[in-house]
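Trainee: Dropping a structure here in C-alpha cells format, bear with me for questions.
Since every read-out is calculated from the coordinates, none of them should be taken as a lab result. None of these values were measured; they are calculated from a predicted model. Here the Cβ is made from the backbone with ideal geometry for all residues, glycine too, and neighbour counts use every protein chain on show.
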Amino acid sequence: MNQEKNTEKSFSKEKARSAYKAIKTGAIPILEAFKDDLLVHDKREITQDFPGRPFLHFTRKNGTHILMLYCLTDYPRQGSGSNIFLQMLTGTIYFPTTAV
C-alpha cells in the first residue's frame, strides 16, 4: 500500500489533469447523455482520488465507464509464491503467480 502511495505521489497532478483533458477532448463529441459521468465523476477519480493510478476509460453515447487498476508495485513479485484473487460480482477469479 505504501508503494502505491509513493507511485501516486510521484505522478504529478498536472499530468493527471493533462490525461483528463485528453480524454475529455475525445469523449465530448461522443457523449449524448450522462455527461456528468465524464465531467464530474471521472474527472474526480483521475485528477483527485487516484492521480497516477493506471486506468481504463470507455466512452459511449450514453455515458462513460472508468476502471481504476492496481499499480504494478501492488502485485507480488514473480515466483514469490503469492497468488492474486479478484473478487467480482459474479464470483472469484484466481490468478496464480507461479506456474502450475
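Trainee: Amide H of GLY63: which non-local residues (sequence gap of 5 or more, or other chain) have their own amide H closer than 5 Å, using H built in the peptide plane?
Mentor: Those lying under 5 Å, H to H, from GLY63 are GLU32, ALA33.
Trainee: Another question about this same structure. In sequence order, what are the phi-derived ³J(HN,Hα) couplings for segment 19-34 according to the Karplus relation 6.51 cos²θ - 1.76 cosθ + 1.60 with θ = phi - 60°, rounded to whole Hz, with x for glycine and proline?
Mentor: Each residue of segment 19-34 in turn: 4, 5, 4, 5, 5, 4, 4, x, 8, 3, x, 8, 5, 10, 9, 6 Hz.
Trainee: Right, something else. Hey, fewest Cβ within 10 Å first, where do GLU14, GLU45 land in order?
Mentor: Details: GLU14 10, GLU45 18.
The most exposed by this proxy come first: GLU14, GLU45.
Trainee: What does the extension gain come out to for ASP36 and LYS24, with contour length at 0.36 nm per residue minus their alpha carbon separation?
Mentor: That pair, ASP36 and LYS24, stretches by 3.2 nm at full extension.
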